[in-house]
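The structure is given below, and queries will be raised subsequently.
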Amino acid sequence: MTNEIWWRLGCFFSILVVMMLLEGYKPARLSSITKTKRWTANFGLVFASSIFARLTLPIGLTAVAFYNAENTIGLFNQVFYINVNLPYWLTIVLSLFILDIIIYWQHRLFHVVPMLWRLHRVHHADAHVDTSTGLRFHPIEIVLSIVIKLLVVTAFGIPAIAVLIFEITLNGLALFNHANIRLPQAIEKPLRLILMTQILHRIHHSQVVKETNSNYGFSVIWWDKLFGSYKDSAIKSDSELDIGLSQYPQSKQNASLWALLLMPFKNK
Ligand SMILES: [Zn+2]
């Protein structure tokens, strides 16, 4: 755990670079706005979010998990749970399931509650989807998401190692399923039985509201199947799909860091 930051950064940059190379080699869709413009705004938002999270949250998720373990806080740290003597890996798997299902419902909540949608629409307003879109979240949404995870980690006493595995996987999968690529059918077909593939996730970025409000999962498709929000195809084909939000056309406004930071506070 002492190398946490290196594990995080190492996985993040490796997946990011692989996705960008694949997007450059064979992009699934073309964008009329330049990469430089979109990437400046999207990565700028990552930078702003990191600073904002540092300033508002004094302690990280794994540090909280360690604190909980030391002070017997949360379900998995209680004597009765420890006495059940479940194998440690099972607690980790259980923790990953809990965190993932919470993230699914958090995502749905951000679509349904108008105030939260104001924040989340910064992500959806991107008129093109590529791996950088997977990082395009308003700093307030990032902080709210960390706070929700903090509460879950504390309530369940989720171990620090599970938190780290979850964070790395979720982040990696967000980069993966936003990538502007189309996997060969022989890979995509079996993969979509478990994972949210790029084609499936692009349906979530469609301008058709019914399609935006589907495929909420960032990782597995199970939660969408279980809770009735799964869509295996859109009205339009993957290459013709209208991406983004109709009220935010592809423009400078939509690819400027300042505009994205202010977007939740402006009516549209
Ligand atoms: Zn969404």
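Throughout, read-outs are computed from the coordinates displayed, never taken from laboratory work. Keep in mind it's a predicted model, so treat the numbers as computed, not measured. Positions of Cβ are generated from backbone atoms using ideal geometry, with glycine treated the same way; all protein chains shown enter the neighbour counts.
Apply the Karplus parameterisation 6.51 cos²θ - 1.76 cosθ + 1.60, with θ equal to phi minus 60°, to every residue of the stretch 205-220 and state each ³J(HN,Hα) to the nearest whole Hz, in sequence, with x for glycine and proline.
Each residue's phi maps through the Karplus curve to give 9, 6, 6, 6, 4, 4, 7, 4, 8, 8, 6, 6, x, 9, 10, 7 Hz.
Another question, then. Evaluate E = 1/(1 + (r/R0)^6) for Asn83 and Ala63, where r is the Cβ-Cβ distance and R0 equals 25 Å; express this FRET efficiency to the nearest 0.05. Before the final figure, lay out each step's value.
Details: r = 27 Å, r/R0 = 1.07.
My answer for the efficiency is 0.40.
For the stretch 57-71, what does the Karplus curve 6.51 cos²θ - 1.76 cosθ + 1.60, with θ = phi - 60°, yield as ³J(HN,Hα) per residue in whole Hz, taken in order and with x for Gly and Pro?
Per-residue couplings from phi come out as 10, x, 9, x, 5, 5, 4, 5, 4, 4, 4, 4, 5, 5, 10 Hz.
Could you run the Debye sum over the Cα atoms of the stretch 17-97, one equal point scatterer each and no solvent, and tell me log10 of I(q)/I(0) at q = 0.11, 0.12, 0.26, 0.27 Å⁻¹, two decimals?
-0.63, -0.69, -1.24, -1.27
Nothing charged except the Cβ atoms of Lys and Arg (+1) and of Asp and Glu (-1): what's the magnitude of the dipole of the stretch 151-268 about its Cα centre? Round to the nearest 20 debye.
Numbers: 11 positive and 8 negative charges, 47 e Å.
So the dipole magnitude of the stretch 151-268 works out to roughly 220 debye.
Turning to a different aspect of this structure: For the stretch 178-268, what is the convex hull (Cα atoms) projected area averaged across all directions, in square nanometres? Don't skip to the end; give the middle numbers.
On the way: hull surface 27.3 nm².
Taking a quarter of the hull surface, the average projection is 6.8 nm².
To the nearest µm²/s, what D does Stokes-Einstein give for the stretch 54-200 at 10 °C and 1.306 mPa s, using the Kirkwood radius over alpha carbon pairs as Rh?
On the way: Rh = 17.0 Å.
The diffusion coefficient I find is 93 µm²/s.
OK, next. Which one of Thr72, Ser246, Thr56 has its Cα pushed farthest toward the positive end of the charge dipole of the chain, where Lys and Arg give +1 and Asp and Glu give -1 at the Cβ?
Ser246
Report the Cα centroid-to-centroid distance between the stretch 18-55 and the stretch 204-268 in angstrom, as an integer.
16
For n ≥ 4 DSSP H runs only, could you compute -39500 (n - 2.57) per run for the chain, divide by its residues and tell me the 222 nm figure to the nearest 500? Mind dumping the intermediate values first?
Numbers: 13 runs with 162 residues, N = 268.
Estimated from H runs of four or more residues: -19000 deg cm²/dmol.
Output wanted: per-residue J couplings in Hz (rounded whole) for the stretch 121-137, from phi through Karplus 6.51 cos²θ - 1.76 cosθ + 1.60, θ = phi - 60°, x for Gly and Pro.
Along the stretch 121-137, the couplings run 5, 4, 5, 7, 6, 4, 7, 9, 10, 9, 4, 5, 5, x, 10, 7, 10 Hz.
Rounded to a whole number of µm²/s, how large is the Stokes-Einstein D of the chain at 10 °C and 1.306 mPa s, given Rh as the Kirkwood radius over C-alpha pairs? List each step's numbers first, then the result.
Numbers: Rh = 19.4 Å.
In µm²/s, the coefficient is 82.
Taking the Cα centre as origin and putting +1 on Lys and Arg beta-carbons and -1 on Asp and Glu beta-carbons, what dipole magnitude results for the stretch 34-265, to the nearest 20 debye? Each step should come with its number before you reach the end.
Details: 18 positive and 13 negative charges, 98 e Å.
With Lys and Arg at +1 and Asp and Glu at -1, about 460 debye.
How high is the relative contact order of the chain, in percent, counting Cα pairs under 8 Å that sit 6 or more residues apart?
On the way: 357 pairs, mean separation 77.2, N = 268.
Over the chain, the number comes to 29 percent.
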